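What follows is a single structure, written as structure tokens, with notes after it.
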Amino acid sequence: LDLSAVADFESLLALCSANHRGDVRRRLRRLAERGEVELWVPGGGDGPAATADFRSGFLPAYHAVWDGRPEGDLLRQPGLEDFVARLVGDGLPGGWAHYSALRVDGRAVAWHLGLLDGPRDQTDLYWWFPTYDPAWESFSPGKVLLARLLERGIAQGLRRVHFLTGGQPYKLAWKPA
């Protein structure tokens, strides 16, 4: 998804279908009715806090979502959970990992772990591991998290978001190339 040609989040939404625009706005509004919606994106010095959040929030939510699915839970593979936690702890200070959490009144309801590439003024984000708290599923917290990340990314000069493999509808709704 090329963000370099859009001036702001509303310009990005204008490129999407009216149905998607309306749904994103509706989901943002519904979550805001439940409390203050905040996107937490820890910086390089926040590696320990992000690692702790990964272990106490992200992992239980990820397991809750994926344990019962036929595809299985990727992070249940031996050693992978610890490897990914080290990526958070080492990657944030190194500037090549991205971690974020969408919070409602201070409670995390969705998370993303991704990778960053490129110089600060031309950075690409690789959308890698998103998850959400299943108790909040009816609010589509993952959709709101992605919308807030895109909004923040545009404001900070993020060049592109690579959605990697899988043509899931939630990715295609943003009209990536």
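The table below gives the values:
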{"read-out": "Filter result (of a type in the set (Lys, Arg) and closer than 22 Å to ALA64 by Cα) within segment 135-167", "value": "LYS143"}
{"read-out": "Residue ranges of strands (runs of 3 or more DSSP E) in segment 87-177 with at least 3 members under 26 Å from ARG30 (Cβ atoms), aliphatic (A, V, I, L, M) and open to solvent by less than 80 Å² (accessible area, probe 1.4 Å)", "value": "97-104, 107-117"}
{"read-out": "Matching residues, segment 1-46, being free of Cβ contacts under 8 Å to residues at least 24 places away in the same chain and farther than 19 Å from LEU158 by Cβ", "value": "ALA18, ASN19, ARG21, GLY22, ARG25, ARG26, ARG29, ALA32, GLU33"}
{"read-out": "Verdict on ALA49 being under 26 Å from GLY118 (Cβ atoms), part of a helix (DSSP H, G or I) and without any contact (Cβ under 8 Å) to a residue 24 or more places away in the chain", "value": "yes"}
{"read-out": "Identity of the residue in segment 32-46, under 16 Å from LEU92 (Cβ atoms) and not in a strand (DSSP E or B), that ends up least open to solvent (accessible area, probe 1.4 Å)", "value": "PRO42"}
{"read-out": "Where a residue in segment 87-102 is within 14 Å of VAL41 (Cβ to Cβ) and free of Cβ contacts under 8 Å to residues at least 24 places away in the same chain and its partner, wherever it lies, is open to solvent by 50 Å² or more (accessible area, probe 1.4 Å) and in a helix (DSSP H, G or I), with Cβ under 9 Å and at least six apart", "value": "ALA97/ASP90"}
{"read-out": "Of all residues in segment 101-118 being out of contact with any Lys or Arg (no Cβ under 8 Å at 6 or more places or on another chain) and small (Gly, Ala, Ser), the one that is nearest to LEU158 (Cα to Cα)", "value": "GLY114"}
{"read-out": "Filtered residue count, segment 60-81, keeping only those that are outside any loop (DSSP other than H, G, I, E, B) and open to solvent by 80 Å² or more (accessible area, probe 1.4 Å)", "value": "2"}
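The values are calculated or read from the model by the stated rules, or taken from the named source; none is laboratory data. Here the structure is a predicted model, which means the values were calculated and not measured. Every residue, glycine as well, gets a Cβ built from its backbone with ideal geometry; the counts of neighbours run over all protein chains shown. Ligands, DNA and RNA are stripped out before the accessible areas are found, and what is left, the full protein with its side chains, is counted by its heavy atoms. Shrake-Rupley method; radii C 1.70, N 1.55, O 1.52, S 1.80 Å.
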